[in-house]
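Take a look at the structure below.
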């Protein structure tokens, strides 16, 4: 009986801590998103109102997934971010165009599949929203079309598609940044990127998370 009581008390304490962490995580996300909205150039009152109405849903969903999704990264609930040790340089080894093209052509692409994008000083998360395998290309939600044809350059003016690996995805999820091959302060991934970070299958980057 004493052992059962102890187990119940431990479970209760764990649930209380999870509730505290969830509330703290939501609060940090709210503060950040409201600050971002306040700094936006207002082009439409209706647009701002729409974003404010949808904010509670996306913040609660993001906080829940960040707490529940298996990840090798450390969750910082106070800052609503992932943390991990930063490498000395942006992780671009074995990311030549041919290698990247072959990697994506070797897997079964699907809508919503999370991909890393080299933005020069940091790596961002994006997701596939349209696939055209007849022409060997796909479109991502934020960065547009990428061509997987070996004879066509995959790089763009400012961004480049990367193949996912642990170092690349860690850099993207944590906002690690570099300038002139030197580490600089990390950027904070957007709410959308934090949601995408919870869709990464860290055990097998070629497959989406199992349902």
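What translational diffusion coefficient, to the nearest whole µm²/s, does the range 83-197 have by Stokes-Einstein, given a Kirkwood radius computed over alpha-carbon pairs, a temperature of 10 °C and 1.306 mPa s viscosity?
Details: Rh = 14.4 Å.
It comes out at roughly 110 µm²/s.
Sequence-distant contacts, meaning Cα pairs under 8 Å at least 6 residues apart, place the relative contact order of the chain at 20 percent. Taking the chain as a Gaussian network of alpha-carbon nodes connected by springs under 10 Å, the highest mean-square fluctuation of the residues 144, 47, 112 belongs to 47. Taking the longest Cα principal axis of the chain as reference, the axis of helix 2-39 is set at about 50 degrees. Using a Gaussian network model of the chain whose springs link C-alpha atoms within less than 10 Å, name the residue from 168, 184, 159 with the highest mean-square fluctuation. Highest fluctuation of the listed residues: 184.
Once you reduce the range 49-118 and the range 195-211 to the center of their Cα atoms, the two points are 9 Å from each other. In the frame of its principal axes, the chain has Cα extents of 69, 48, 38 Å, reported largest first.
Largest GNM mean-square fluctuation among 55, 194, 34, using the chain with Cα springs under 10 Å: 34. Using only the alpha-carbon atoms, how far is helix 45-68 inclined from the longest principal axis of the chain? Give it as 0 to 90 degrees, nearest 10. Taking the Cα atoms of the chain, the angle to 45-68 is about 70 degrees.
Among 95-104, 129-138, how do they line up from the highest to the lowest mean number of other beta-carbon atoms within 10 Å?
Numbers: 95-104: 16.0, 129-138: 13.1.
Highest-to-lowest ranking by the protection proxy: 95-104, 129-138.
Grouping the Cα pair distances of the range 49-95 into 10 Å bins from zero gives a pair-distance distribution of 20, 34, 28, 15, 2 percent in increasing distance order.
We did not get these values from a lab; they are worked out from the coordinates using the rules stated. Note that this is a predicted model, so its numbers are computed, not measured. Quick reminder, even Gly has a Cβ in these numbers, built from the backbone with ideal geometry, and neighbours come from all protein chains shown.
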